[in-house]
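Here the structure comes first, spelled out in structure tokens, and everything after it is commentary.
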Amino acid sequence: TLTSTLLHEVRMITDDDIKKIIKESIEPKKQSNQLDEAYVATEKVFSLNTEFLSEANKKNHLELYDGYIKEFNEISAQLDTVDRLDSNSNHSKYRSLKIDETYNMNAVYLHELYFANISDLNSKITMDSLSYMRLARDFGSFDEWQKDFIACCKASRCGWAMTYYNFYTKSFMNVCIDLHSENVPVFGYPVIVMDVWQHAYYKDYLKDVKTYVVAMMKQFNWRVIEKRFEKADRVAKAL
């Protein structure tokens, strides 16, 4: 434990501090055409208690997540100083940064959604929960949703499977996302996320993605997922 003296010497680093450090390392002198709108993502802590993943795999996965956060913050800071007058659709620094911004931002967000909705050692869903009722409504039955979700996991070319509320169709749907940014549906809210990049399971399951997915589904955190369904319902009603 820290002594009272040490506690006084501890200084909490804020988002603004992080943004300033990153920006100064990239562009020390402020230019007249700079923006000051850089986003800052901060690492979240997750308890990955599942016994279906090895400790080495968990450590590797959390390190990758941390790397995406660092990349996103650096890209965001660079976008404040990039030359927008030179932007074009063939090749430009601005275009490259915007593409990388989406890629890394999605990587951070999807990992956070995934980590939060797995590893419940007492996983349980009830038939009177909103999650169960909405999935049964839009997929015909809860079992049909499970089958379709597993099919999406197997169909993704190194990426993600996601159940989300589609505000256009006004229903919950499954989607397979390649990488972090290909085939991402517009106007959707994610409620269940599964990482099916090979690094997520290869150390423990080799190429057997289905066994890995079924194991993760056995420990879905339905308390977290239920809150997402509730939020999706509120937003759907508001729209």
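The values are calculated or read from the model by the stated rules, or taken from the named source; none is laboratory data. A quick note: this is a predicted structure, and the numbers were derived from the prediction, not measured. With ideal geometry, Cβ positions are generated from the backbone for all residues, glycine too; neighbour counts draw on all protein chains shown. Note: accessible area is taken over every heavy atom of the protein model, side chains too, but ligands, DNA and RNA are not part of it. Shrake-Rupley method; radii C 1.70, N 1.55, O 1.52, S 1.80 Å.
For this structure, a couple of remarks:
- Test: K29 is open to solvent by 90 Å² or more (accessible area, probe 1.4 Å), at pLDDT 90 or above and over 30 Å from D120 (Cβ atoms): no
- Segment 141-157 residues that are open to solvent by less than 40 Å² (accessible area, probe 1.4 Å), paired with ones that are modelled with pLDDT of 95 or more and in a loop (DSSP other than H, G, I, E, B) (beta carbon under 7 Å, 6 or more apart): C153/V196; S156/V196
- Flag if Y168 is closer than 20 Å to N117 by Cβ and of a type outside the set (D, E, K, R): no
Here is a yes/no grid of residues against (1) among the hydroxyl-bearing types (S, T, Y); (2) closer than 26 Å to M133 by Cβ:
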residue	(1), (2)
M162	no, yes
N166	no, yes
K170	no, yes
L179	no, no
P190	no, yes
W197	no, no
Y202	yes, no
K207	no, no
V214	no, yes
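Residues are listed down the side, and each one gets a yes or a no for (1) open to solvent by 20 Å² or more (accessible area, probe 1.4 Å); (2) in a helix (DSSP H, G or I); (3) of a type in the set (A, V, I, L, M):
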site: L53; (1), (2), (3): no, no, yes
site: K58; (1), (2), (3): no, yes, no
site: S76; (1), (2), (3): no, yes, no
site: R84; (1), (2), (3): yes, no, no
site: S87; (1), (2), (3): yes, no, no
site: S96; (1), (2), (3): yes, yes, no
site: I99; (1), (2), (3): yes, yes, yes
site: T102; (1), (2), (3): yes, yes, no
site: L110; (1), (2), (3): no, yes, yes
